[in-house]
Amino acid sequence: MRTARSISSPSICSPHQLNSSSWVPSDRSDPLTGILLAALIAAVWLASLLVALQQPLQQMGLAELMGLVLIRTLSQTGLFIIAHDAMHGSLLPALPRWNCRIGAVALLLYAGLSFRRCQRNHLSHHRHSETAADPDYHRPGQPQIHLWYGAFMGRYLSAWQLLRLGLIWLGVTAAASMTHPLAGVNVVSFCIIPLVLSSLQLFVVGTWLPHRCASPAEVAVTPRSLPMHPVVSLAACYHFGYHFEHHKFPYTPWFRLPLMRDCNNSV
């Protein structure tokens, strides 16, 4: 039994759809808080990148190395969260063009991804959750996590996007090599590895755990929310684990999902 079908969101970035009748701002949006948090995430991402690219790895202790990778991973995931709110129109609901522009920049910095493609797939996920038309769901008969993850990534990445991402990394390496001869190692350690970890974080917490069934015979209410304290939920994946609430209230920005969960639990 799957009870949490989503409210459909309009496609908000096509020019012919940018009008008052198609733009549906969230009554739960908080644009000032959202933009301030987005700016904070972007600042941490940029500052940690600049620090990471200038750090000789041989001079770093294990704890320092792991801590910097963790910060890079969490801030990398934060870029996707910014774009995700933009996909639902809750980042800047009164300024749809800027909402989409910021989302597009966030996805470009995240992994060279196309905002239009990601938005189209994500809104399709909400409209057709856990069906054959859901781009985030596993292929029929292939619920294993590694197969699901591979199919999930394949629907969002294209050869052109991988090429663009590779060119971005080459550009970063070339720029960093002007001050650090082993910059390529730093790019792998603090750009590529955090991106892979971030994609796993988003997939496991935001897709696999909320939407999976433990067994074919299980009668599940999905998508489910993960039973986590808000502090743990924030660290796990910016409250993506409160997935039932996200599907029920898709316009609600990420930082308000704990409030929606409290409301659900009190009913």
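The values are calculated or read from the model by the stated rules, or taken from the named source; none is laboratory data. The model shown is predicted, which means the values in this text are computed figures rather than measured ones. Glycine also receives a Cβ, built like all others from the backbone with ideal geometry; neighbour counts cover every protein chain displayed.
Worth a mention:
- Within the stretch 87-97, the set of residues being surrounded by 24 or more Cβ atoms within 10 Å (Cβ to Cβ) and either of a type in the set (Phe, Trp, Tyr) or over 11 Å from the mean Cα position of the chain (by Cα) (or both) comprises HIS88, GLY89, SER90, LEU91.
- Residue check for ILE71: at pLDDT 95 or above, touching a helix residue (DSSP H, G or I) at 6+ places or on another chain (Cβ under 9 Å) and buried (at least 23 other Cβ atoms within 10 Å of the Cβ): no
- Within the stretch 175-199, the residues that satisfy the criterion of being exposed (fewer than 14 other Cβ atoms within 10 Å of the Cβ), of a type in the set (A, V, I, L, M) and farther than 19 Å from ALA111 by Cβ are MET178, LEU182.
- Residue check, THR173 at pLDDT 90 or above and of a type in the set (Val, Ile, Thr): yes
- Cβ pairs under 7 Å, 6+ apart, first in the stretch 238-264 and within 16 Å of LEU32 (Cβ to Cβ), second part of a loop (DSSP other than H, G, I, E, B) and of a type in the set (D, E, K, R): THR252/ARG28; PRO253/ASP30; ARG256/ARG28; ARG256/ASP30
- Qualifying positions in the stretch 176-195 - modelled with pLDDT of 90 or more, more than 26 Å from HIS122 (Cα to Cα) and not small (Gly, Ala, Ser): VAL185, ASN186, VAL187, VAL188, PHE190
- Residue check, MET66 surrounded by fewer than 17 Cβ atoms within 10 Å (Cβ to Cβ) and modelled with pLDDT under 95: no
- Evaluation of ALA52 against (1) in contact (Cβ under 8 Å) with a residue 24 or more places away in the chain; (2) over 15 Å from VAL187 (Cα atoms); (3) among the small types (Gly, Ala, Ser) (one fails), failing number: (2)
- Among the residues making up the stretch 119-139, those that are of a type in the set (D, E, K, R) and either more than 15 Å from the chain's Cα centre (by Cα) or crowded, with 19+ Cβ neighbours inside 10 Å (or both) are ARG127, GLU130, ASP134, ASP136, ARG139.
- So TYR238, is it at pLDDT 95 or above and closer than 17 Å to ALA83 by Cα: yes
- Extreme residue, nearest to the chain's Cα centre (by Cα), among residues of the stretch 225-247 that are surrounded by fewer than 18 Cβ atoms within 10 Å (Cβ to Cβ) and farther than 21 Å from GLN76 by Cβ: PRO230
- Close pairs (9 angstrom Cβ cut-off, 6 or more residues apart or separate chains): within 15 Å of GLN58 (Cβ to Cβ) in the stretch 165-194, hydroxyl-bearing (Ser, Thr, Tyr) anywhere: ALA183/THR173; ALA183/SER177; GLY184/THR173; GLY184/SER177; ASN186/THR173; PHE190/SER48
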